[in-house]
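Q: My questions will all concern the structure given below.
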Amino acid sequence: MEYDYASQLMNQLLWNSMLIAAPMLLTALVVGLIISIVQVATQLQEMTLSYVPKLVASGAVLVLLGPWMLHRLTQFAIELIATIPDLG
């Protein structure tokens, strides 16, 4: 395997990982930020208050975008497995 091809595979792997993880991470970030702003505005300093909304929002994103994430991951795996005979 050449260095360029291995580098290209690593680039595709990192790009797909970022695309698959981004919706969940961004949702948790936005919900956490909103909850933090509400906590500051109301002076309610409960540390566990942000976990439930983050969990609910992440679950909703997973339900909505889960099939797309799974399809993206499966397509990458199929392409990667299909290139195995060409590596030799």
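Q: Does the stretch 13-40 hold any residues that are surrounded by 13 or more Cβ atoms within 10 Å (Cβ to Cβ) and touching a residue at least 24 places away in the same chain (Cβ under 8 Å), and which are they?
A: N16, L19, I20, P23, M24, T27, A28, V31
Q: Please work out which residue is nearest to A28 (Cα to Cα), limiting yourself to the stretch 53-78 and to residues that are free of Cβ contacts under 8 Å to residues at least 12 places away in the same chain and not hydrophobic (A, V, I, L, M, F, W, C).
A: Among them, the one singled out is G59.
Q: Now, a different point. Quick one: how many residues across the stretch 47-85 are more than 19 Å from the chain's Cα centre (by Cα), of a type in the set (A, V, I, L, M) and within 30 Å of E2 (Cβ to Cβ)?
A: Of the residues in that region, 5 qualify.
Q: Would you confirm, using the coordinates I've provided, whether Q45 is outside any helix (DSSP H, G or I) and either of a type outside the set (D, E, K, R) or at pLDDT 95 or above (or both)?
A: Answer is yes for this residue.
The values are calculated or read from the model by the stated rules, or taken from the named source; none is laboratory data. Note that the structure is predicted; figures quoted are calculated from it, not measured. As a convention, Cβ positions derive from the backbone with ideal geometry for all residues, glycine included, and neighbour counts pool all protein chains shown.
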